[in-house]
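The values are calculated or read from the model by the stated rules, or taken from the named source; none is laboratory data. Note that the structure is a prediction, hence the values are computed from the model and not measured. Cβ sites come from the backbone with ideal geometry, for glycine too, and all protein chains shown count toward neighbours. Each accessible area value is taken on the protein alone, full model and side chains, heavy atoms only, with ligands, DNA and RNA left out. Shrake-Rupley method; radii C 1.70, N 1.55, O 1.52, S 1.80 Å.
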Amino acid sequence: MGSSNDVIHKEHPANNSGIGDSCNTSTLLPPSEGTQDPLSAMSDQEIVTAILERNKNVTSLFLYKKCYPLFYAIYRNYYTDCESCIEFINDIYLYIMTPSRATGLNKLQGFRHECSLLLWLKEVCIYYCYARYRRKSREETLLQTYADRLKAETQSIYIDFSKIEKEDIL
């Protein structure tokens, strides 16, 4: 038996088909005109603050340009349920920005700066993929368990109640 990572790697025919290879981040960002990357002058704390404040420029530069290789590697190697790498990035953005029911804080607000933002984001992405895979496995198990009930429901007789007179029901 292989490692636990072997279990969640994509076993999808599209894995080697080049889906996501055409994800071009240059269409999402304004063209740079020989200027230095604005993120290089920012600390992780400043990037987190800008993303939390919904700064579109910093968010798109960080997620769709700087972190794209990280997202693409995870997208290609783990189960994501996404059609493209861009969709995966969008899912992760929603995942880190959605407030928790218990605390009202989102995951990015919980970033404690104990490691780099990229390492933290990598861990969040991998955990997200594991959770998606567990949910998919659970759904498949339930489907197999209750397959006999579903088969019986699809074979039941359909009755059109619209043709029954109201008096017949009462």
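Structure summary
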item: Sole residue being open to solvent by less than 70 Å² (accessible area, probe 1.4 Å), in contact with a Ser or Thr (Cβ under 9 Å, 6 or more places away or on another chain) and closer than 18 Å to Ile126 by Cα, chosen from Ile74, Ile96; result: Ile74
item: Positions within region 117-133 being more than 20 Å from Arg54 (Cα to Cα) and either aromatic (Phe, Trp, Tyr) or surrounded by fewer than 13 Cβ atoms within 10 Å (Cβ to Cβ) (or both), in sequence order; result: Leu119, Glu123, Tyr127, Tyr128, Tyr130, Ala131, Tyr133
item: Conditions (1) closer than 19 Å to Cys129 by Cα; (2) at pLDDT below 95: number failed by Tyr68; result: (2)
item: Candidate set: region 99-114, residues that are touching a residue at least 40 places away in the same chain (Cβ under 8 Å) and assigned to a helix (DSSP H, G or I); chosen: the one surrounded by the fewest Cβ atoms within 10 Å (Cβ to Cβ); result: Gln109
item: Qualifying residue in region 127-139 (condition: at pLDDT 90 or above, hydroxyl-bearing (Ser, Thr, Tyr) and closer than 30 Å to Asp37 by Cβ); result: yes
item: Any hit, region 53-60, residues being crowded, with 19+ Cβ neighbours inside 10 Å and in contact (Cβ under 8 Å) with a residue 12 or more places away in the chain; result: yes
item: Residue under evaluation Glu53, criteria (1) modelled with pLDDT of 95 or more; (2) in contact with a helix residue (DSSP H, G or I) (Cβ under 7 Å, 6 or more places away or on another chain); (3) more than 29 Å from Ser137 (Cβ to Cβ), criterion not met; result: (2)
item: Selection from region 47-64 of residues that are among the charged types (D, E, K, R) and assigned to a helix (DSSP H, G or I); result: Lys56
item: Conditions (1) farther than 19 Å from Ala131 by Cα; (2) free of Cβ contacts under 8 Å to residues at least 12 places away in the same chain: number failed by Ala73; result: (1)
item: Subset of region 77-93 [open to solvent by 20 Å² or more (accessible area, probe 1.4 Å) and part of a helix (DSSP H, G or I)]; result: Asn77, Ile86, Glu87, Asn90, Asp91, Tyr93
